[in-house]
Every structure is written in C-alpha cells, then in structure tokens.
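Working notes, structure below.
Read the figures in this text as sums done on the coordinates, not as results from a lab. Because the structure is a prediction, the values reported are computed rather than measured. Cβ atoms come from the backbone with ideal geometry, glycine included; neighbour counts cover every protein chain shown.
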Amino acid sequence: MKTIKPAKRTENVKYAVRDILLVAEKAKASGKKLLYLNIGDPILFDLKTPDFVIKSIVKALEEGKTGYAPSSGTADAIAAIKKDAEANGIKSIQEVFITNGGSEAIELALTALLDTGDNVLLPTPGYPLYTAVLSKLEAEANPYYLDEENGWQPDPEDIKKKINSRTRAIVLINPNNPTGSVCSREVAQKIADIAAEHNLVLFVDEIYDKLIFDGEKHVTTAALNSDVAAITFNGLSKVYVGPGLRMGWGIVSGPAEKVTDYVQAIQKLTRARLCASHPVMAAIAPSLQGGNPHLPGMMEKLKRRRDMTFEMLNAIPGISCVKPKGAFYAFPKLTNTSITDEQWCAKLIQETGVVTVPGSGFGQKPGTKHFRIVFLPQENVLKEAYTAIGNFMKSSL
C-alpha cells in the first residue's frame, strides 16, 4: 500500500514544550508520579481567570454575539487596544488585528512578510513558536544570542552582525520566554534604532508585560522610535489568566508610507480565516480598561515561587540560574554533566518524575546546556520537585 507523503516543510517543525510530554507519558504509564514544570498554563495550578473576564464573555453570549465578527475584530475591542497602546506611548498606529491567541497574530504577521529563503532575527533562547512557523514558511531562523552573564539581555552588537540581504525582521520577546529576563530601556532603544535603520520590521512579543518583579519597568519598544515599522503582540492568555480563551492581537505601528502594503497583506490573511472568537472579544475592553484587581495577589504568589526557584536551584551543585525578572520561567544552566540537555531532561523524568523542557528546544549558545522551569505550581510542589532535582544531580555527578 502506498503511503501519503507529508510536505517537506513539516520536517523541521518542533515544539519542545509539548514534545517532552511523549517521554512523560511513558514514565506515567510505568507508574511514575509526575511533577509538571513544563507548560506555562496558569489555569493548571491555583491561578484563575478573573471574574470580570468571565462575566464579560457570558454577557456577550447572552446577547447573542455568536455570529461572525469583523475579520480584524469588533470596534469596541479594537478601540480599547488602540487606547491602551497609545497610553503606552505607541504612535502612528496603522492597524489592529485580533486573532485566535497571540500565536495566530505572530503566524499571520510572519506569513504576510516572508518569502522562501528570507530570515528573521530571533532571540536565542526564545519561544519555539517562531522557529516552527519559519520552518512551515520555508524561511530561516537567524539567531541572536542573549547574554546570560548580563541577565539574559539581548546584545545589539550581535544583532547588527547577523543582518544580511535576506533579513526581514527582528523579534524581541519582552519579558522573555524562557529566561524570564526583562529588556532594559537602553537595549530596547538600540534594537528599535537598528530595525529602523535597516528597514526591518520589529516584532515585539509583550504577552507577559505586566508580570514584572523587583520594581523593574517594562518598556514598550515600539514607542521608542517613530520611524520603526513594528508589530506589538499581546493577548489575554498570561496576564489575564485565560490561555484557553485563545484571544490575542497585533498592533501595527510606524510611518504609513512604510507599512501600508504590509498592512494590506495582513488584512488579506485575516479576511481569509474569517475572524477570531466573537464573544471572547468582549473581554478585551474590560481587561485593558479595568484596574487589574487580580494582579497584586497573582504577583505575590509568583514572586514567592520565583524566589524559591532561584534560591533552591542555585543551591544545587552543577546548576546555576539567573534570577528571573518577569513572566514565570527560569532557564537554569547545567554546569557539570556529560550528557545532552535532552538526555538529562528525559533521565530526570524517568528517575524522578519531574518534567522540565530541554534548553535546546528554545535555542542556546553552542556548548551550553540548559533546561526551562515553569514556576507556576504551588510552593509545596516546587519544593518537592527541586529537592528531587538536587538528589538526582547528586546521584549523577
């Protein structure tokens, strides 16, 4: 019998966050108790979607808002996004498009920009969705390396060196997934200036923008240079604890003469897939225009868990960890192991049941080995997991 041959573009599509579950499921089937530190879904733990978000969606359903919405989004939702962006300093907003999660916004923006063989400068480590989409588009990831010795800050000089004739865009994830770093204003300014100077689109992923620790300030990078063509991505999944709501958006800003054709290409793609969820769009305005009453309690929990993560991991011989400044991730380094980080994570699951994600799934400097931790679980779970990691490292050294 002849088999159906899949497209070559799928050969390099990987998503380490969920791929590691194949190993975890085998361990679970053998009777191993699993401690999941691999997926950034706050709903799985003790964080809940705020009542004002749920009530706004229920109200929209009761009002019969279950038909198709405009392709770019409802007028109220778009107006709220624009108002919030302008309050954060973004000027010359040319388009807002609302999508099925931030991931669809990213995919639409990349699809509308890239031809086969083009490349995009990606932060490394960085969120693996970008590399997966580039593989599908037969475009190339052009990694620029974050500086672990400098709190995982981007290196503008490395970015400039990597630009070539096929480079079309720079991605900045701020706060960063998987490292939890927060980009400084000085570095963000340099990146915005580089993008403007080289006529590159600046993709700024700000999905964790309000989840910041230690008095750090989040910088809205698209506001730093009036000449830069930028798309700022955000949504309801992380700050508003609604990952399953699948509600995100992109804000296109910059000089009209520079981005008009690009905006029209994005609009073609949004029309082709009809619309995002009509009733869930009703939650955008209350979220962006409200006082975020859920955030203080949420940040208190996350700070305790961040502190525990930093202290316990750094106390383990063979592991070092930069202190996260935002989001809910840490990206510890393995400093004394002879096996790969993929092998280390698989062995950790098999022997302890602790599920983490290998750093190679996010990208890392050659010759280094890391793993990603999600510190969303309650403190007792984290303590059990980090104690198990410590014992595992002792037995492995």
Degrees between helix 256-272 axis and first principal axis of the chain (Cα, 0 to 90, nearest 10): 70 degrees
Sequence-distant lysines (8 or more away, or on other chains) whose Cα lies within less than 17 Å of Lys394: Lys333, Lys347, Lys383
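Order of Arg305, Arg372, Arg9, Arg246 from fewest to most other C-beta atoms within 10 Å?
Details: Arg305 21, Arg372 27, Arg9 12, Arg246 18.
With the fewest neighbours first, Arg305, Arg372, Arg9, Arg246 line up as Arg9, Arg246, Arg305, Arg372.
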Size of electric dipole in region 272-397: Cβ of Lys, Arg +1 and of Asp, Glu -1, about Cα centre, debye, nearest 20: 280 debye
Most mobile listed residue (Leu134, Leu22, Leu348) in the chain, GNM with C-alpha springs under 10 Å: Leu22
Cα-based helix-to-principal-axis angle, 379-396 vs the chain, degrees rounded to 10: 50 degrees
Principal-axis tilt of helix 75-87 within the chain, Cα atoms, nearest 10 degrees: 70 degrees
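Please tell me the relative contact order of the chain in percent, rounded to the nearest whole number, where contacts are Cα pairs under 8 Å and at least six residues apart.
25 percent
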Viscosity 0.692 mPa s, temperature 37 °C, Stokes-Einstein D of region 1-103 from Kirkwood C-alpha radius, µm²/s: 172 µm²/s
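Determine the percent antiparallel among the DSSP beta bridges restricted to the chain, to the nearest 5. Could the numbers behind the result be given before it?
Details: 22 of 43 bridges.
Expressed as a percentage, antiparallel bridges in the chain total about 50.
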Top of Asn100, Asn150, Asn177 by mean-square fluctuation, Gaussian network on the chain, Cα under 10 Å: Asn150
Region 52-289: translational diffusion in µm²/s, Stokes-Einstein, Kirkwood Rh over Cα pairs, 37 °C, 0.692 mPa s: 183 µm²/s
Three principal axis lengths of the chain [C-alpha, angstrom, descending]: 61, 61, 52
Of the GluC sites (Glu not before Pro) in region 1-71, those whose Cβ has at most 14 other Cβ within 10 Å and which sit in DSSP loop: Glu11, Glu63
Choice from Val171, Val13, Val201 with maximal GNM fluctuation in the chain (Cα, 10 Å cutoff): Val13
Cα-based shape type of region 55-143, given that a ≥ b ≥ c are square roots of the gyration tensor eigenvalues and the cut on a/c is 1.5: prolate
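Could you line up Asp214, Asp209 from fewest to most neighbouring Cβ atoms inside 10 Å? Before the final figure, lay out each step's value.
On the way: Asp214 11, Asp209 21.
Ordered by Cβ neighbours within 10 Å, fewest first: Asp214, Asp209.
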Whole-angstrom gap from region 141-219 to region 68-98, using each part's C-alpha centre: 23 Å
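Given charges of +1 on the Cβ of Lys and Arg and -1 on the Cβ of Asp and Glu, with all other atoms neutral, how large is the dipole of the chain about its Cα centre, in debye to the nearest 20?
Working: 47 positive and 43 negative charges, 213 e Å.
Once rounded to the nearest 20, the dipole reads 1020 debye.
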Relative frequency of Cα-Cα separations exceeding 19 Å in region 194-260, percent: 41 percent
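Could you work out the relative contact order of region 52-289, using alpha carbon pairs under 8 angstrom and six or more residues apart, expressed as a whole percent?
Details: 479 pairs, mean separation 77.3, N = 238.
Relative CO of region 52-289 lands at 32 percent.
Can you give the % of DSSP beta bridges in region 52-289 that are antiparallel, to the nearest 5? Write out the running numbers ahead of the final one.
Values: 14 of 33 bridges.
Bridges in region 52-289 are about 40 percent antiparallel.
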Anisotropy class of region 263-325 from Cα gyration tensor, a/c 1.5 cut: oblate
